[in-house]
Each structure stands twice: as structure tokens, then as C-alpha cells.
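Shown next, in C-alpha cells, is the structure this report addresses.
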Amino acid sequence: MCKAAFSIVAGLLWSCIAVSCASPPGVSQPDGPAPTAQQWAQTQERRAAAVPSLSLRGHADFEWRDSAGQHFDDGDFDIIFRAPSELCLRLSKLGQKVLWIGAGGGQAWVIFLNEKPVRAVHRLVQPAGRAPERPPAGLGDSMPGIERFFDPDRLTEALGIGRANAADVQSILWDGGRAAWAVLLPGRRVFVRGESLLPIGMEWLDASGAVTASCTLGAFEWLRSEQAIAASESTKPLVPTRIRIEVWSGGRKREQGNPDGVLQLAAGEPTDASARMKPQMFSWDDVRGSTRPEVIVAWE
């Protein structure tokens with residue numbers, strides 16, 4: 001998988017992990033008032049609490065555009081998540097890992113295993129509500145939007161199991177294009193289905209409110225587990241197995257035309273992997289020891 005492809009993949013996943021889709025036929029605005037911010041936040045909290053851990057594995061397709069034209073590549077991916085915010089996302093090509101993204105222990109990292117020399121970028125996770133600091137010089141040169149990989153909350157949102165505070169909700173309005181309630185939050189808009197409030201997508205916004213990345217979640221399946229998962233019928237843990245992402249890079253926005261990159265993830269059945277999970281995959285020291293990056297850039 002070439003470096004140009006990963007420049008789009010990175011921008012896609014942390015602008016974080018989607019697409020503008022046609023409205024499902026026959027779906028209209030539910031009767032009655034819009035859900036309140038408190039109702040939405042509580043529903044998301046119950047859904048997230050029902051997913052103690054998650055394993056997704058499958059195939060990834062990439063499309064990107066650069067000065068040489070349109071390109072396509074594919075590979076494999078695996079995502080391991082452990083509540084509340086430990087993550088491991090790896091992309092592979094022909095059995096060889098080429099990108100490792102992780103978070104755990106209050107730290108976050110990206111390791112470019114396809115680069116020579118192997119390079120890693122590491123930082124401490126930002127406290128909630130704190131404005132992000134300027135990324136290291138040159139970080140986005142080969143991977144526009146890579147700074148989004150250092151916010152675990154955005155990844156969990158892209159998996160449909162994110163949490164949010166009711167106090168952060170600015171509005172909840174019906175969106176006919178998505179056939180869903182649009183929950184406006186600082187820097188993003190989350191789309192949730194009618195009465196269930198199941199997250200089906202999101203948009204990431206710049207300071208002017210323009211869309212710079214978009215995500216759509218679909219093909220939801222029940223989370224498989226070796227142990228019974230306590231959840232009511234209305235909050236059973238449904239997990240998306242199809243994720244499509246579009247990203248506009250280089251300062252472009254959706255209204256300026258086709259996206260610069262598209263990522264599609266197609267996973268097998270989602271499983272609760274807590275019994276088989278290795279804590280080393282969420283430890284920066286252990287991951288650094290196993291991957292042995294030759295260049296480590298600290299994002300202070």
C-alpha cells in the first residue's frame with residue numbers, strides 16, 4: 001500500500017472514521033417533539049456501557065486523488081477497543097502491518113511501519129474540553145488530518161459507541177437528507193435514527209461550520225460475546241460492520257466538490273474480545289518495544 005494511500009486513510013480515520021448517503025426510502029420525521037439533549041446523551045451512555053470491548057476485522061478499500069489522478073488500493077484492518085478509551089487500529093497489506101494507531105494509559109500514538117526509517121508520533125491525550133495544541137511541524141505533510149488520530153473520543157464516535165455531555169448539545173433538528181436527527185455539538189454533527197437514537201453517521205466541521213469529513217455507519221449487527229451482555233431490548237449493543245468515510249484535505253470543504261479520499265471498511269461479525277484481549281496493545285511502552293520505531297516525534 002503506497003504512502004499516498006495512507007495519507008488519505010489517516011485523514012479519513014481521525015477526521016473520523018463515512019459519506020453523504022441518499023435518504024432511506026419512506027423514512028420521515030417521527031411524530032412528536034425532537035429528543036432532548038438529556039435523552040440523547042443518556043441513550044448514548046447506555047449503548048456505550050453495553051460494549052465493554054470490541055473487535056472488528058475485515059477488508060478496507062481506499063480511493064484517493066492527487067496531482068497524478070485517481071487511485072485505488074485495498075488491504076486488511078483490525079480494530080480492538082476496550083472501554084472507556086483504549087484503542088488499537090492496524091492496517092495491513094499482504095500480511096504486513098503498515099500503520100498502527102493506538103491509545104491507552106492517557107497516551108496516544110501513530111506508528112508508520114511502511115516508512116523507512118520507521119517513524120512514530122506520540123503525545124499525551126488532551127483533557128476533555130481543552131483546545132488541541134498545534135501539531136508538530138510536518139506532521140500533516142504526508143497524512144493530512146493525522147492529528148485527529150490523537151483523540152480517542154473521535155474513534156469511538158466513528159464506531160457508534162461514543163459518549164457526550166448533554167450540556168454540549170447546541171441543537172437537535174431533523175435532517176431529511178440523512179433521515180435522522182442531527183445532534184449539533186462543538187466541531188461535529190452526529191446523526192441518530194428516529195426513536196432508537198442509534199448513531200448512523202457524523203460530520204466533522206471547521207470553525208466556519210463547513211464539512212471537512214463525513215462518516216456513515218451501516219449493516220449493524222448485535223455484538224457477539226462469550227458471556228451474556230446485560231442490556232434491555234432498546235439498548236442492545238448494535239455495532240456497525242460497514243463504515244464509509246469521505247474526507248476533503250488541503251483546506252477544501254464538501255461544497256467545493258468531490259472528496260479527496262474515500263475509505264470503506266467491511267468487517268465480519270463484531271465480537272466482545274475482553275476474554276482474549278492483550279493489555280500490551282494499549283501500552284505505549286509495549287507497542288514501542290515490539291515495533292521498534294527508529295524515529296519518535298513527541299507532540300508536546
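Read-outs: derived from the displayed coordinates by stated rules, not from any lab. Predicted model, so just to flag it, every value in this text is computed and none were measured. A quick note on method: Cβ atoms are made from the backbone with ideal geometry, for glycine too, and the neighbour counts reach across all protein chains shown.
I want to make sure I understand the PRE zone here: with the label point 7 angstrom from the Cα of E294 toward its beta carbon, which residues in the range 78-103 have backbone N atoms less than 17 Å away?
Backbone N within reach: 98-99.
Compute the distance in nm between two label points, each set 7 Å from the Cα along the Cα-to-Cβ direction, one at A167 and one at E195.
3.3 nm
Mind giving me the nanometre distance, one decimal, between the label points for S208 and R65, set 7 Å out from Cα along Cα→Cβ?
It works out to 1.9 nm between the two label points.
Can you tell me the length gained on complete extension of the stretch D74 to Q256, counting 0.36 nm per residue apart and subtracting the Cα distance? Write out the running numbers ahead of the final one.
Working: separation 182, 0.36 × 182 = 65.52 nm, distance 2.65 nm.
Net length gain for the segment: 62.9 nm.
For the residue pair Q42 and K278, what label-to-label distance in nm results when each label sits 7 Å from Cα along the Cα-to-beta-carbon direction?
Output for this residue pair reads 4.2 nm.
Could you put C215, C88 in order, starting from the residue whose Cβ has the fewest other Cβ atoms within 10 Å?
Values: C215 31, C88 21.
Neighbour counts put them in this order, fewest first: C88, C215.
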